[in-house]
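> Can you read through this structure? Questions will come right after.
Every read-out reported here was derived from the displayed coordinates using simple, explicitly stated rules and does not represent laboratory data. Because the structure is a prediction, the values reported are computed rather than measured. Glycine gets a Cβ as well: all are built from the backbone with ideal geometry, and neighbour counts include every protein chain shown.
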Amino acid sequence: MSRAAIAAMTAYTLELRDAAIKLNQNEGPDDLPRAFKEELFRRVVNRSWNRYPDFELTELRSALARANGLEPDQILAGNGSNELLAATVATFVGPGTPVVIPRPTFALYEKLVAIAGGTVVPVDIDPATGVLPLDAIVRAAGPASVVIVCSPNNPTGGVLPPDGVDELLATGATVLLDRAYGEFDGGRATSPAGAGGIARAPLITFSTFSKAWGLAGLRVGWLASAAETCREIRKVKLPYSLNIVSEAAAILALENPWLRDRNVERVRKERARVMDALGDAAFPSQANFILFRARAGLFDDLLARGILVRAYAGFLRVSIGLPEENDAFLAAMKELA
C-alpha cells in the first residue's frame, strides 16, 4: 500500500484531445530544420548504442559552461528540468521543511514537496494582475525554508523584478528558480544579478531545451548552482538519465544559438500581436504563452473549431503558435465574442 501522502495525491496528467491546432503545452512553434536533424543523426549513427551514455555528461556540461560563462562543475544535466527539480527537492526538502510557492504556478512543484514530506507555504498571486508577489514571498521565507519560483511564471506569465532573486536570497532561504521561459523575457530571468549570477549558493536555477530551443521531444534540462551544491544534488540524481541522442542534440543546439534566437524573436513578435488582440482580458506575459480571462464554455467552443488551449478555473492559457495558428485562434475568438 502506498504512503498516505501519495494516496492522497492525484497524478500529474494532461487530458488527451485531438485538435488541428495545438496551443496547450507551451511548446516552441517551430520544429528544428531538417539539416539540423540530419547532422544530429550523422553524429550518433556511429556511436555504440549498446553502451551507456557518458556517466558525467562531460561534453554537454562543458558546452553549457562555455555558453553561460560557468564551470562544468557548476552544472548538472538530465532528462528534462523536471528530473532535476525532483532531485533538488529531494536534496533540500525533508519532513516539515517549509517550502514557499506562489500560486497558481506549475503544479509539479507542490507534488514534489508532498512526496518529500515538506510543508507548502502558499503565497497567492493577485488574480487582478498576475504579478509575482515578491514582497509576500520574502515575508514568508526564511533561513530554514526553500522558495520555488518560476519566472516568467506558468501560467500567469509574470516575472520577478530585476533584483528579485537577490531579495529572495537575502532571506537566507534556498531558492529554486525555474527559468524554463527565461529566454522570452529579454534575459531578466535568465541572468539574475549579483556575484556569481545563476550559479551561486543557495540559488539553484533550472533551464530547459524544450521551449526556446524547440527540443521538447528530446527532453533535455540543466541546472546551475555553486559546485558544492551540484555535488550534493548529484548524490540524489538518477544515473544515466540522458540518452546519447538527446545529449548530442543539445550540444548541436548550443553550436547554433541562432536557432534559439530566431525562435525567441518570432515568439515575442507574435506574443505582442496576440496580447494586443486579446486586450484587457489578457495578463501581461513575458513567456511564450498568455493567460486570459474567459467565459464559461469557451474552451469547448474553441475545441469545436479545432483549437486546443489549456483550461484553468475562469481562465484559459494559449501558447504562442505559428502566425497562421495564431490567426486561426484570434479569428475564432472574434467569432465567439
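> In debye, nearest 20: dipole of the stretch 43-256 around its Cα centre with unit charges on the Cβ of K, R (+) and D, E (-)?
Values: 17 positive and 20 negative charges, 117 e Å.
Taking the Cα centre of the stretch 43-256 as origin, the dipole is about 560 debye.
> Then there's this: Under unit Cβ charges (Lys, Arg +1; Asp, Glu -1), what dipole magnitude, rounded to 20 debye, does the stretch 1-57 have relative to its Cα centre?
On the way: 9 positive and 9 negative charges, 48 e Å.
Charge dipole, the stretch 1-57, about its Cα centre: 220 debye, nearest 20.
> Could you work out the longest stretch of the chain that avoids the trypsin sites (Lys or Arg not before Pro) located in DSSP loops with at most 13 other Cβ atoms within 10 Å?
Segment 52-234 is the longest.
> What nm distance separates the two modelled labels at Trp258 and Ala281, each placed 7 Å from Cα along Cα→Cβ?
So the two model labels end up 3.9 nm from each other.
> D for the stretch 268-337, whole µm²/s, Stokes-Einstein with Kirkwood Rh over alpha-carbon pairs at 25 °C and 0.890 mPa s: what number? Could you put the intermediate results ahead of the total?
Numbers: Rh = 11.9 Å.
Using the Kirkwood radius from Cα pairs, D works out to 205 µm²/s.
> Go through Lys37/Lys111; Lys237/Lys269; Lys37/Lys211; Lys22/Lys111; Lys22/Lys334; Lys37/Lys334 and tell me which ones have a Cα-Cα distance over 29 Å in this structure.
Numbers: Lys37/Lys111 35 Å; Lys237/Lys269 38 Å; Lys37/Lys211 17 Å; Lys22/Lys111 26 Å; Lys22/Lys334 19 Å; Lys37/Lys334 38 Å.
The answer is Lys37/Lys111; Lys237/Lys269; Lys37/Lys334.
> If you don't mind, there's one more thing I want to ask. Out of Val236, Gly306, Val220, whose Cα points farthest toward the positive end of the dipole of the stretch 219-337 (charges: +1 Lys, Arg; -1 Asp, Glu; placed on Cβ)?
Final value for the positive-end residue is Val236.
> Once the dipole of the chain is set up with Lys and Arg at +1 and Asp and Glu at -1 on Cβ about the Cα centre, which of Leu160, Gly118, Ile320 lies farthest towards its positive end?
Gly118
> Here's a follow-up. With θ set to phi - 60°, apply the Karplus curve 6.51 cos²θ - 1.76 cosθ + 1.60 along the stretch 275-287 and write out the HN-Hα couplings as whole Hz, x wherever there is a Gly or Pro.
5, 5, 5, 6, x, 5, 6, 8, 7, x, 10, 10, 10
> Between rounded, prolate and oblate, where does the stretch 25-79 land on the alpha carbon gyration tensor, with a ≥ b ≥ c its root eigenvalues, rounded for a/c under 1.5, else prolate if a/b exceeds b/c?
Here the stretch 25-79 falls in the oblate category.
> If you don't mind, there's one more thing I want to ask. Please rank Ser285, Ser246, Ser62, fewest neighbouring Cβ atoms within 10 Å first, as an exposure proxy. Please list the in-between numbers first.
Values: Ser285 28, Ser246 24, Ser62 16.
Going from least to most buried by this count: Ser62, Ser246, Ser285.
> Sort Phe41, Phe184 so that the residue with the fewest other Cβ atoms within 10 Å of its own Cβ comes first and the one with the most comes last. Before the final figure, lay out each step's value.
Numbers: Phe41 12, Phe184 25.
Lowest to highest Cβ neighbour count: Phe41, Phe184.
> Counting only helical runs of four or more DSSP H residues, what would the 222 nm mean residue ellipticity of the chain come to if each run contributes -39,500 (n - 2.57) and the total is spread over all its residues?
Working: 12 runs with 123 residues, N = 337.
So the helix-based figure for the chain works out to -11000 deg cm²/dmol.
> Would you compute the Debye intensity of the chain from its alpha-carbon atoms alone, equal scatterers and no solvent, and pass along log10 I(q)/I(0) at q = 0.10, 0.14, 0.15 Å⁻¹ to two decimals?
Summing over Cα pairs of the chain leads to -0.61, -1.20, -1.35.
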